[in-house]
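Below is one structure, written out as structure tokens, with a few remarks after it.
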Amino acid sequence: MGNFDELYCRMELPGFGTKLSGSEFQTGIRNSFSNYEIRNDGTLWEFGFDGYESVSKWIKIPFEGRLSFCGYEGDIGRSKFLNFEARFENGVVKEIVKIKDIWDE
């Protein structure tokens, strides 16, 4: 079992619209059990410490490149595995695509 980060996606996801908005996914930005959020405006935020402050808060991350994230839709025992990839430019999501995997029909 490896480390992973949690990602909450507030944006619409392909094929699901807002149905999964706010859902929790797993990703591997730092693989350190960190918490991230893609906000409605497409920006990426991390919950952590800002410099020398002793208070945790959401910090905007200027991420560049591709970020894959996965999770499940549905009830336990009847859930479906979901896999997405977001492409970031200048710290903002330009597109999110659903990745077809071996379990897709």
Checklist line | Selection count, segment 18-33, where residues are out of contact with any Gly (no Cβ under 9 Å at 6 or more places or on another chain) and closer than 16 Å to Ile99 by Cα | finding: 1
Check: Within segment 17-36, is there a residue that is of a type in the set (A, V, I, L, M) and either at pLDDT 90 or above or not in a loop (DSSP other than H, G, I, E, B) (or both)?
Finding: no
Next item on the list: For Ser56, state whether it is over 24 Å from Lys100 (Cα atoms), in contact with an Asp or Glu (Cβ under 7 Å, 6 or more places away or on another chain), modelled with pLDDT under 90 and polar (S, T, N, Q).
Entry: no
Next item on the list: Would you check which residues across segment 9-47 are out of contact with any Phe, Trp or Tyr (no Cβ under 7 Å at 6 or more places or on another chain), within 21 Å of Lys94 (Cβ to Cβ) and not polar (S, T, N, Q) and list them?
Entry: Arg10, Met11, Glu12, Pro14, Gly15, Phe16, Gly17, Leu20, Ile38, Asp41, Gly42
Next item on the list: Mind counting the residues in segment 1-44 that are closer than 15 Å to Tyr72 by Cα, surrounded by 13 or more Cβ atoms within 10 Å (Cβ to Cβ) and over 10 Å from the mean Cα position of the chain (by Cα)?
Entry: 4
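The values are calculated or read from the model by the stated rules, or taken from the named source; none is laboratory data. Small disclaimer: the values here were computed from a predicted structure and weren't measured. Ideal geometry is used to build each Cβ from the backbone, glycine not excepted, and the neighbour counts take in all protein chains shown.
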